[in-house]
Amino acid sequence: MNRFAAIIAVIALGASAPAGATSLARLSHDQVVDASDAIVEGTVSLVWSTVDERGRVWTRAVVEVDRSLKGDHSAGDVVTVEAAGGTSPTGAVTYVGLTSRYSKGERVLLYLCEKRQGTVYGTVGMMMGKYTIKQNPADGSDMVVRFTVPADEAYDARFIPNPPVADRVSLASMESKVAARVAEGWDGEPIPGISRERLLLINNVQSGVK
């Protein structure tokens, strides 16, 4: 099984859950694509934290879309992405394992699931649905890196370490994998945490799938 073939994703696919209460399931990259309402590349322009009516802390990031690989977004659109945990306005830190982190100016590849219609998204499988796009020092091309730190540690995408040479994955290869799956369509196999009706709504489908 290669490094793309097993992506750990949250059963809730980005839905709200208290820290430590989230079940995990193993999904293939194709399943992550199928579970995404939208897949975009873009640049983070703003990051802030907020507290909801139940006292839970959320971090939100505004992402200016550069390219859409799935869904209705186009270059120039703006999406708001929400991640569990973060530092509240009073300075209190809430840590949620596997949460995605963002910093201003960060280039990202995001597998998005809609949380509030057309306004706020989460990432499929929390940090598993978020990649940072950075330059491969070997040749200057774009590569994708998945990396996070605990919520009580400062996060700055400029200082994400480069993976070993053998583990570097080009952005172009990820774009090709996404494009191939979106064109091929959902294969009809169930995906934990997402209904069949939803999968039919957000995907092309392969021949014979009803």
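Each reported figure results from applying straightforward, stated rules to the coordinates on display, with no laboratory input. Since the model is a prediction, treat every value here as computed from it, not as a measurement. Cβ: placed from backbone, ideal geometry, glycine included. Neighbour counts: every protein chain shown.
The ellipsoid that matches the Cα gyration tensor of the chain has semi-axes, each √(5λ) in whole angstrom, of 25, 22, 16, with the longest given first.
This ranking places S36, S103 by how few other beta-carbon atoms lie within 10 Å of each, fewest first, which gives S103, S36.
Mind checking region 99-177 for GluC sites (Glu not before Pro) that DSSP puts in a loop (not H, G, I, E or B) and that have at most 11 other Cβ atoms within 10 Å? Within region 99-177, the qualifying GluC sites (Glu not before Pro) (loop, at most 11 other Cβ atoms within 10 Å) are E153. Ranked by how many other Cβ atoms sit within 10 Å of their own Cβ, fewest first, the residues L110, L98, L201 fall in the order L201, L98, L110. Residue exposure proxy: E184, E53, ordered by other Cβ atoms within 10 angstrom of their Cβ from fewest to most, comes out as E53, E184. Expressed to the nearest 5 percent, the antiparallel share of DSSP beta bridges inside the chain is 95 percent. Projected label points at D142 and V205, each 7 Å from Cα along the beta carbon direction, are separated by 3.3 nanometres. Considering only T87, T123, T132, the Gaussian network model of the chain with Cα springs below 10 Å gives its largest mean-square fluctuation to T87. The helix-based estimate of mean residue ellipticity at 222 nm for the chain, built from -39,500 (n - 2.57) per DSSP H run of four or more residues and divided by its residue count, is -4000 deg cm²/dmol to the nearest 500. Pairs of Lys residues in region 7-202, spaced 8 or more positions apart or belonging to different chains, with C-alpha separations under 17 angstrom: 7 in total.
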